[in-house]
Structure formats: structure tokens, C-alpha cells
Amino acid sequence: MSDCIFCKIIDGDIPSTKVYEDDKIYVFKDIYPKAPVHLLMIPKRHITSLAEVTADDADLMGYMLTKVPQIALQVGCEKGFRTIINTGADGGQEVYHIHIHILGGGGPLPF
Ligand code: 5GP
Ligand code: ZN
């Protein structure tokens, strides 16, 4: 999607701090971190939100969830972390390319 900022991040047209990348997903630091570790995991294939996910996306969604704990461990969240998927206007979604927030790294989260 040409007007999607996360697609532009995947393409390198908008700079980001990459933490992990493979053929299916890209993981980078949130620009406004709300915890010592605040990462965003996105699929390289544009999917607008969790509300738009279909059965065709099941393998990719499952793959993302299996990668979350591996990456969280790599960045120091061995005692736990929080995952958030904001969905739609009432869910507080600001960027309409599905993403998983991974938060932690500073002891128990205060929120
Ligand atoms: P949402 O509210 O859609 O769940 O979360 C979007 C997240 O993307 C926010 O936490 C926001 O800080 C982050 N974000 C928005 N624009 C950029 C950007 O250009 N670069 C990075 N690294 N993060 C961004
Ligand atoms: Zn996109």
C-alpha cells in the first residue's frame, strides 16, 4: 500500500530501528516507546487490521505469534512481556497496517 507508513518502513523509504527481519515479518522499535522495550512486529504483506484478518492469513498470524516470544527473549524480556494489538477506531489503532506491540524490559509494567 503506497500510502501506508509501515509499508514504507518495510521498503526502507521511512527509516526505522530494525530488531529482526525475515521473509515474512519486520520488527522495529516504536518511535514513542512506552516501556524500555517497545517493539512493533508487522507482516511484510499489508493487512489493515485484526478486524480484516481472514482464514488466508492464519498461517502468517500463527507465525507471528511464534516469533514474539523468541524476539522478546532476545531483547531481555525473559521475565515476561505484554503484547497488544489495537484494532479499529475504538481500539485505539493509529496505523492501519496490523502490528503487534511487544512491551517490557523494565520490571513489572506500571500500566
Ligand atoms: P497503534 O496505536 O496503531 O496501535 O500504534 C501505532 C504505533 O506506531 C504507535 O505506538 C506509534 O508510536 C508508532 N509509530 C507511528 N509512526 C511511527 C514511525 O514512523 N516509526 C516508528 N518506529 N513508530 C511509529
Ligand atoms: Zn502497510
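Before moving on, here are some points about what is shown:
- So residue 91, is it over 18 Å from residue 27 (Cβ atoms) and surrounded by 12 or more Cβ atoms within 10 Å (Cβ to Cβ): yes
- Those residues of region 22-45 which are more than 14 Å from residue 75 (Cα to Cα) and more than 10 Å from ligand 1 (Cβ to nearest atom), in sequence order: 22, 23, 24, 25, 26, 43, 44, 45
- Residue identified as near ligand 1 (Cβ under 10 Å from one of its atoms) and either more than 13 Å from the chain's Cα centre (by Cα) or not polar (S, T, N, Q) (or both) among 84, 10: 84
- Taken over region 96-111, residues that are surrounded by fewer than 16 Cβ atoms within 10 Å (Cβ to Cβ) and either under 11 Å from the mean Cα position of the chain (by Cα) or without any contact (Cβ under 8 Å) to a residue 60 or more places away in the chain (or both) amount to 3.
- Scope region 42-59; condition closer than 15 Å to residue 6 by Cβ and assigned to a helix (DSSP H, G or I); matching residues: 50, 52
- Among the residues making up region 1-41, those that are in contact (Cβ under 8 Å) with a residue 12 or more places away in the chain, within 11 Å of ligand 2 (Cβ to nearest atom) and not in a loop (DSSP other than H, G, I, E, B) are 5, 6, 7, 9, 10, 26.
- Among the residues listed as 92, 76, the single one being within 15 Å of ligand 1 (Cβ to nearest atom), of a type outside the set (Asp, Glu) and not in a strand (DSSP E or B): 92
- Among the residues listed as 41, 1, the single one being modelled with pLDDT under 95 and closer than 13 Å to residue 98 by Cα: 1
- Among the residues of region 69-111, those identified as of a type in the set (Val, Ile, Thr) and either within 16 Å of ligand 2 (Cβ to nearest atom) or touching a Phe, Trp or Tyr at 6+ places or on another chain (Cβ under 8 Å) (or both) are 71, 85, 87, 95, 98, 100, 102.
The values are calculated or read from the model by the stated rules, or taken from the named source; none is laboratory data. Everything numeric in this text was worked out from a predicted model, so none of it was measured. Note that each Cβ is placed from the backbone with ideal geometry, even for glycine, and that neighbours are counted across all protein chains shown.
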